[in-house]
Amino acid sequence: MKDINDLKGQKADLLKQARAFDDECTKDSRKMTGEEQEKYQKMVDDIRALDITIKREEELQALEMSAAGNEGAGFHREGAEADPPGQRVFASLGDQLRAISRAQTPGGVVDPRLTRAVSDISGMSEMVDSEGGFLVEKDFIPGLLQDVYKNTELASRCLKVPIGAGRNGLRYRYIDETSRADGSRAGGVRAYWEDEADAPTATNPKFGRAELSLRDLKALCYATNDLLEDAQALEGLLIPQFSQEMAFKLQDAIVNGDGAGKPLGVLNSDALVSIDGESGQDADTLITENILKMWKSMPAGSRNRAIWLYNQELEDQLELLQVAIGTGGQLMKMFMSTIDGGNTLKGRPAIPIEQCPGPGDAGTIICMDPSQYLLIDKNGVQADSSIHVRFIYNETTFRFIYRVNGQPMRASKITPYKRTSSSFYTSPYVAVASI
């Protein structure tokens, strides 16, 4: 039995050699010599011969599996040979992962259902790499991604834009607004009352252009070879591990990402408004004035969508925050508990997350409008396996890849229309500075 992946690798190498040879021989519009033409034709003939060998081997392996009823290759398949239209190719995600593992075992047979699952995912085939990666069947993708977003309070609230077939990112235009002063709103649009000008000056909005390319978020999970025989247990083990780790890394990037191969986080955005500590404020503390100034910098139009994110180590200090109300100066707690076990601050959800820095560090508490953070993703999860990484432990390694990226939709903080302080700005992303 021939290794189909090895044959495909040989074909890819020959194609690269043929392309390089052709480019070298024909540069500067030069024509090939007779000897060069013969050498080039030999390369092309070898590629075609490999292509025929690959197709023949695929056909033979498929026939062998069919003759063995799939049992000889270790696959379990119930029902008819072909799935009815619109139904799953695999019975479960665990069933598919087991097929992926066996397909990538030396001498193993590629279950035809794997290639069928890929073809059923429109526009996703470019994600299958030359080393034998397989896309998770589309019926299982929503469950996987739902768990990812269920495990993060932040990503589930962001503006999510799916990327369609044949594209690797998103180019978009945005209103480049840095000030709310006359002549600057929407980047330059201005309206006039009738008596202000007999002939109003024509104005136009100012647009900025942004580009966001998909990045690979990867996770590894390990499964014993005994577990591989139990598809249901395999699925129950891998989905929680995959989704929890993916959720953690995605949320961390939205908060702290530097934009290099990962999303740009709000704490590294040029649009972030940082609130300094008060004069005489003790280090590593949070006081009422910090919160009031943070809320003051949140644009009025974003307040009904704003959320607070904070490091859980800060919670005892949040519980002590108070503000005086009424003529008698009665004190009222600012940090309030809700009937569902959550908390609010200034009437908006207050959510503890591990990714916020500790007390005293910049960003230990953040107030942001998550609808002003853009996430793009391609609705496919790629799964690969390896028997080598954990060979001495008798385990198979599964690698999951989720293509996603994100960045704040605002490029800069905003100068309010009317302000008395030259240092006062607003933004959908506000954080306390280092104290």
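Only the coordinates and a few stated rules stand behind these numbers; no lab work does. What you see is a predicted model, and the numbers here were worked out from it, not measured in a lab. For neighbour counting, all protein chains shown are included, and Cβ atoms are generated from backbone atoms with ideal geometry for every residue, glycine included.
Details
- Long pairs among 160/249; 249/296; 296/413; 249/378, criterion Cα-Cα beyond 25 Å: 249/296
- Two-decimal Rg to Rh for segment 250-314 - Kirkwood Rh, Cα set: 1.00
- Tail weight of P(r) past 16 Å, computed on alpha-carbon pairs of segment 322-377, percent: 63
- Packing-based exposure ordering (other Cβ within 10 Å, fewest first) of 417, 149, 174: 417, 174, 149
- Sequence-distant lysines (8 or more away, or on other chains) whose Cα lies within less than 19 Å of residue 55: 2, 8, 11
- Neighbour-count order for 154, 374, fewest beta carbons within 10 angstrom listed first: 374, 154
- Put in line by how crowded their Cβ is, counting other Cβ atoms within 10 Å and starting with the fewest, 376, 351 read 351, 376.
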